[in-house]
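Have a look at the structure below, then the notes.
The values are calculated or read from the model by the stated rules, or taken from the named source; none is laboratory data. This is a predicted model, so every value here is computed, not measured. Note that we place each Cβ from the backbone using ideal geometry, even for glycine, and neighbour counts take in every protein chain shown.
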Amino acid sequence: MPAGQAQDGYAVALKDYLRISALSRRDLTLLLDLSEELKRDPHRYSGLLRNEVVAMDFTKPSTRTRVSFTVAIARLGGTPEMLGPADLQLGRGETIEDTARVLSRYVKAFVIRTFADEEVGRFAAASTIPVINALTDGHHPCQALADLLTIREKLGRLDGVRVAFVGDGCNTVHSLMEAAALAGMQVTVATPPGYEPDADVVETARSIALQNRASVETTNDVRAAVTGADVVYTDVWLSMNVDASEKETRVKAFSPYRVTDELMGLTETGSIFMHCLPAHRGEEVTAQVIDGFRSVVWDQAANRLCTEQAILVALLTGRLEGAGHWA
Ligand code: CP
Ligand code: NVA
């Protein structure tokens, strides 16, 4: 069934995967269940993309997302076409809209990693194929799906789970807040003053939380945030969109927010440590924690593969209803 047509016939399906807040709670559960199914049986939909191509345009570096999407596309029977900043005529002034219209006539989906969220939105609006956000300055929705799958696997549930995100209020935590709110979790984000998550995203996550018996809090008090937490999550102090000249200032501001054994000692028994990776041992997390018994980072990274397969399958078969479907 082509994307854009709902399998249940109720409405037009969600075409793109740009931001977690665009999903319904049912979509999130569907994606997690489908990810689990694909993890057990990776070649279940091996004919879906047979003899077809998925374009990937990455203007920022990537290890996990790039390689896991390549494998996910191959497992669905397709071929990935990797494009970089110098490859497309975009770099020579062709518009995003013209590029999107042309690519829609060749490939089955478009996976984009770039800076501005607005660019991905323009690609999505001008294309007739599914567009997937593989990380922007504002969001990392593919990561959040793997994060929730990992938490569900490790703790056996999502509802009521207490997550403390510690560090920079960046793309990773934006998507994590929205996903956690949708799943009925309690999320607290602890950042240094001035590095809080975007206020608009916090407001969106809170409105999702209200409908799902979840909560979203922000604080500068790292010890209060992690006390009793089931999950402690951190990310780099300098995201790819942050200028390297900020390093010294940031290291000074973020040092009290480093995840250490002492901080982990305040958490709930059986708590886990998560990081989207790449990690900088000795900066946002100590080697003892990331390489220690609470760390689930390798399973979390592994889950990028089946979750990306699930995103592709769900979009290409028109299974996502989108937020507000029943509104
Ligand atoms: N976590 C993540 O997105 O990693 P990459 O930047 O290596 O893709
Ligand atoms: N916040 C990080 C995530 C990397 C996967 C960045 O944007 O660089």
Q: Within the range 35-58, identify whether any single residue is within 16 Å of ligand 2 (Cβ to nearest atom), within 23 Å of Leu277 (Cβ to Cβ), charged (D, E, K, R) and surrounded by 22 or more Cβ atoms within 10 Å (Cβ to Cβ), and answer yes or no.
A: no
Q) Taking the stated definitions as given, is Arg223 more than 17 Å from the chain's Cα centre (by Cα), within 15 Å of ligand 2 (Cβ to nearest atom) and either among the charged types (D, E, K, R) or at pLDDT below 95 (or both)? A) no
Q) What are the residue pairs meeting all of these: first residue in the range 192-207, first residue at pLDDT 95 or above, second residue in a loop (DSSP other than H, G, I, E, B), Cβ atoms under 6 Å, and 6 or more apart or on different chains? A) Pro193/Asn220; Tyr195/Asp168; Tyr195/Gly169; Glu196/Gly169; Pro197/Gly169
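Residue by residue, here is whether (1) out of contact with any Phe, Trp or Tyr (no Cβ under 7 Å at 6 or more places or on another chain); (2) away from ligand 1 (no atom under 16 Å from the Cβ) holds:
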{"residue": "Ala126", "(1), (2)": "yes, yes"}
{"residue": "Leu135", "(1), (2)": "yes, no"}
{"residue": "Leu145", "(1), (2)": "yes, no"}
{"residue": "Thr150", "(1), (2)": "yes, no"}
{"residue": "Leu155", "(1), (2)": "yes, yes"}
{"residue": "Asp159", "(1), (2)": "yes, yes"}
{"residue": "Arg162", "(1), (2)": "yes, yes"}
{"residue": "Val166", "(1), (2)": "no, yes"}
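Which residue, of Thr269, Thr286, Thr260, Thr249, is surrounded by fewer than 16 Cβ atoms within 10 Å (Cβ to Cβ), more than 16 Å from ligand 1 (Cβ to nearest atom) and farther than 21 Å from Gly169 by Cβ?
Numbers: Thr286 fails: surrounded by fewer than 16 Cβ atoms within 10 Å (Cβ to Cβ); Thr260 fails: farther than 21 Å from Gly169 by Cβ; Thr249 fails: farther than 21 Å from Gly169 by Cβ.
The unique qualifying residue is Thr269.
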(Q) Please count how many residues of the range 291-307 are assigned to a helix (DSSP H, G or I) and not charged (D, E, K, R). (A) 9
**Q.** Leading residue by the ranking (farthest from ligand 1 (Cβ to nearest atom)) among those in the range 168-200 that are among the β-branched types (Val, Ile, Thr) and under 14 Å from the mean Cα position of the chain (by Cα)
**A.** Val173
Q. Can you pull out the strands (runs of 3 or more DSSP E) entirely within the range 171-265 that have at least 2 residues that are of a type in the set (Ser, Thr, Tyr)?
A. 215-219, 231-234
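Okay, residues lined up against (1) of a type in the set (A, V, I, L, M, F, W, C); (2) within 23 Å of Leu30 (Cβ to Cβ):
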position: Pro256; (1), (2): no, no
position: Val259; (1), (2): yes, no
position: Ala314; (1), (2): yes, yes
position: Thr317; (1), (2): no, yes
position: Gly322; (1), (2): no, yes
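Go through the range 81-105 and report how many residues are within 14 Å of ligand 1 (Cβ to nearest atom) and either assigned to a helix (DSSP H, G or I) or closer than 20 Å to Pro141 by Cβ (or both). It would help to see each step written out before you state the result.
Just the residues of the range 81-105 that are within 14 Å of ligand 1 (Cβ to nearest atom), to begin with: 82.
After this cut, where a residue has to be either assigned to a helix (DSSP H, G or I) or closer than 20 Å to Pro141 by Cβ (or both) as well, the list is none.
Summing the residues that are within 14 Å of ligand 1 (Cβ to nearest atom) and either assigned to a helix (DSSP H, G or I) or closer than 20 Å to Pro141 by Cβ (or both) in the range 81-105 gives 0.
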Q) With Leu88, Leu76 as the choices, which residue is hydrophobic (A, V, I, L, M, F, W, C), surrounded by 12 or more Cβ atoms within 10 Å (Cβ to Cβ) and over 27 Å from Gln300 (Cβ atoms)? A) Leu88
Q.
For the range 109-135, which positions are under 16 Å from Lys60 (Cβ atoms), in contact with a helix residue (DSSP H, G or I) (Cβ under 6 Å, 6 or more places away or on another chain) and assigned to a loop (DSSP other than H, G, I, E, B)?
A. Ala134
Q) On the given criteria, is Leu312 at negative phi and touching a Leu at 6+ places or on another chain (Cβ under 8 Å)? A) yes
Q: Please work out if Arg157 is among the basic types (Lys, Arg), assigned to a helix (DSSP H, G or I) and away from ligand 2 (no atom under 16 Å from the Cβ).
A: no
Q.
Can you tell me which residue is farthest from His140 (Cα to Cα) among those in the range 277-290 that are part of a loop (DSSP other than H, G, I, E, B) and in contact with a strand residue (DSSP E or B) (Cβ under 8 Å, 6 or more places away or on another chain)?
A. Thr286
Q: Check Lys39, Lys60 and return the single one that is closer than 30 Å to Arg157 by Cα and either part of a helix (DSSP H, G or I) or within 16 Å of ligand 1 (Cβ to nearest atom) (or both).
A: Lys39
